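Right, one structure below, let's go through it.
The values are calculated or read from the model by the stated rules, or taken from the named source; none is laboratory data. All values derive from a computational prediction rather than experimental measurement. Positions of Cβ are backbone-derived with ideal geometry, glycine not excepted, and every protein chain shown enters the neighbour counts. Side chains included, ligands, DNA and RNA excluded: accessible areas come from the protein's heavy atoms. Shrake-Rupley method; radii C 1.70, N 1.55, O 1.52, S 1.80 Å.
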Amino acid sequence: MSNKTQGNDVPEGYWKDAEGRLIPDAMVKPIDKLRDQLVRDLVVGAKDISDLLKRFKSTAFADVAAFVETSAEQYDVKVGGNKGNVTLTTFDGQFKVVRQYQEHLTFDEQLQAARQLINECIQGWSEGSKDELIVLVNDAFQVNKEGKINTGRVLGLRRHAIKDPKWQRAMQAISDSVRSTGSKPYIRLYERVGDTEEYRAISLDLAAV
């Protein structure tokens with residue numbers, strides 16, 4: 001018997017291995033056949049769930065957008081229900097649906113000018129007061145494995161109330177260097193925890209279940 005699940009390109013009585021070689025059925029161990037079937041069964045189930053989640057996501061966005069428009073119609077306003085963040089809650093407050101648009105930010109070449117100005121600030125300040133800031137700055141400008149800078153850390157430097165004019169110019173350069181490269185929409189669902197004000201996310205992530 002052959003592995004029928006491997007496709008029509010595998011001749012009867014053979015199995016195809018990871019290198020594309022045809023292995024006679026008699027030479028494939030029973031445990032390898034059992035493992036193959038287990039993985040394939042799980043993958044088929046996962047693909048079904050993935051398709052279901054895609055359909056749910058599409059329906060959820062469409063339904064929320066339609067409701068937002070319906071709600072606005074009572075004021076004779078057309079808002080375009082597929083844009084903007086919105087939170088919808090059940091009448092008893094037990095459940096809520098949150099539609100969010102997360103903006104993707106990046107920096108242009110002006111960030112290099114900001115980094116240079118910051119370095120000049122640090123070099124000009126007294127030794128005792130700059131050590132902690134050096135760590136913060138180096139951490140903010142550190143790139144990840146993809147070679148990208150964490151926008152949140154860099155923008156967080158602007159929270160420091162430093163009056164040095166050069167530092168202020170650096171913070172302005174950071175602000176000027178920010179560019180939006182688009183946004184990604186999310187639908188999140190929550191359930192209220194008992195009678196508290198806390199809400200727990202309803203997980204659609206297999207790893208978080």
### Query
In the full protein assembly as shown, how much of residue 63 is accessible to a 1.4 Å probe, in Å² to the nearest 10?
90 Å²
### Query
In debye, nearest 20: dipole of segment 29-156 around its Cα centre with unit charges on the Cβ of K, R (+) and D, E (-)?
680 debye
### Query
Which length gain, in nm to one decimal place, applies between residue 164 and residue 146 when the Cα-Cα distance is subtracted from 0.36 nm times their residue separation?
3.1 nm
### Query
So how much slack lies between residue 203 and residue 12, counting 0.36 nm per residue of separation and subtracting their Cα-Cα distance, in nm?
64.4 nm
#### Entry: Degrees, to the nearest 10: 110-124 long Cα axis against longest axis of the chain
50 degrees
### Query
Per residue, how much space in cubic angstrom lies within the convex hull of the C-alpha atoms of segment 99-209?
177 Å³
### Query
Cα-Cα pairs above 12 Å in segment 21-64: how many percent?
71 percent
### Task
Among the GluC sites (Glu not before Pro) in segment 135-209, which ones are in a DSSP loop with at most 10 other Cβ atoms within 10 Å of the Cβ? Mind listing them?
146, 197, 198
### Query
Under 15 Å Cα-Cα from residue 148, which aspartates and glutamates qualify once same-chain neighbours fewer than 8 residues away are excluded?
108, 109, 139
### Among 111, 53, 38: highest mean-square fluctuation, GNM of the chain, C-alpha pairs under 10 Å
38
### Query
Over all Cα pairs of segment 39-162, how is the pair count split among 10 Å bins, expressed in % and running from 0 up to the last occupied bin?
9, 23, 17, 21, 19, 10, 1
### CD proxy at 222 nm, helix term only [per DSSP H run n ≥ 4: -39500 (n - 2.57); per residue of the chain; nearest 500]
-15000 deg cm²/dmol
### Task
Leaving ligands, DNA and RNA out of it, work out the accessible area of residue 31 with a 1.4 Å probe and give it in Å² to the nearest 10.
100 Å²
### Message
What's the whole-number percent of alpha carbon pairs in the chain lying beyond 21 angstrom?
### Response
73 percent
